[in-house]
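The values are calculated or read from the model by the stated rules, or taken from the named source; none is laboratory data. In this text the structure is predicted, and so the values were computed from the model without any measurement. Here the Cβ is made from the backbone with ideal geometry for all residues, glycine too, and neighbour counts use every protein chain on show.
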């Protein structure tokens, strides 16, 4: 049985015969459904369900939104958890611009977004005063940063076709703040932990067409070409560089 079929019956109290107009979700303690959870926890379930059964996910989202107080002013700081970033992912997925903006402001004010110069990493400390950032909470927040209208559903709609990739980056010595294809050209942003133009690092671009490529936006960079990749050697400097395709 698909997990959402079980959830419809045991968490929502719905059956296949329930008309759509009668599916308002609320917690009724008189209903003998011992598996029910607090409705606010349904926000994360809605996140998982959205790309698979969007109509059911939307019902869960609306119910959880009410339980979490998203229809009013949010009380800050928000408590740490997966629910708030799940709500932000879905607000952006369904293009709820005002709600997404409100959630983003509340998350920024509550979850301690932090850049660590020594490690070259960005995390959310979540107000937990712990030695290491919570991995799962950070994963949901990172997903929210990458979300947008319809992206979560498209990502899960079918197998992902092979795409060119940048691999073997010497992180955290070098981080990439951008890697984007525009009109057949690759734009990459380099962010080393410490700049040193006399020190070099390499990375590879795989899966690209076997043609000549040129690089601009940075001095003293070189490229070597193999049958299935381009090996790029760059100095450790902050730069926005462009790889432009040439002839075969």
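Does the range 222-240 include one or more residues that are over 30 Å from residue 117 (Cβ atoms), exposed (fewer than 14 other Cβ atoms within 10 Å of the Cβ) and under 23 Å from the mean Cα position of the chain (by Cα)?
No - not one qualifying residue is present in the range 222-240.
Select from the range 168-193 the residues that are touching a strand residue (DSSP E or B) at 6+ places or on another chain (Cβ under 7 Å) and not in a strand (DSSP E or B) and list them in ascending order.
Within the range 168-193, 168, 169, 170, 172, 173, 184 qualify.
Within the range 160-197, which residues are loosely packed, with under 11 Cβ neighbours inside 10 Å and within 18 Å of the chain's Cα centre (by Cα)?
If the condition is that a residue be loosely packed, with under 11 Cβ neighbours inside 10 Å and within 18 Å of the chain's Cα centre (by Cα), then 160, 180 are the ones that fit.
Report, by residue number, each residue of the range 196-220 that is part of a loop (DSSP other than H, G, I, E, B) and touching a residue at least 40 places away in the same chain (Cβ under 8 Å). If you could, list the steps in order and put the result at the bottom.
So in the range 196-220, the residues part of a loop (DSSP other than H, G, I, E, B) come out as 207-212, 217-220.
Passing the criteria: 207, 208.
Collect the residues in the range 226-238 that are part of a strand (DSSP E or B) and over 15 Å from residue 198 (Cβ atoms), keeping them in residue-number order.
Within the range 226-238, 229, 230, 231, 232 meet the criteria.
Looking only at the range 104-126, how many residues end up being farther than 23 Å from residue 191 by Cβ and in contact (Cβ under 8 Å) with a residue 40 or more places away in the chain?
Looking only at that region, the number is 1.
Find the residue count for the range 33-51, including only residues that are assigned to a loop (DSSP other than H, G, I, E, B) and modelled with pLDDT of 60 or more.
So the answer is 3.
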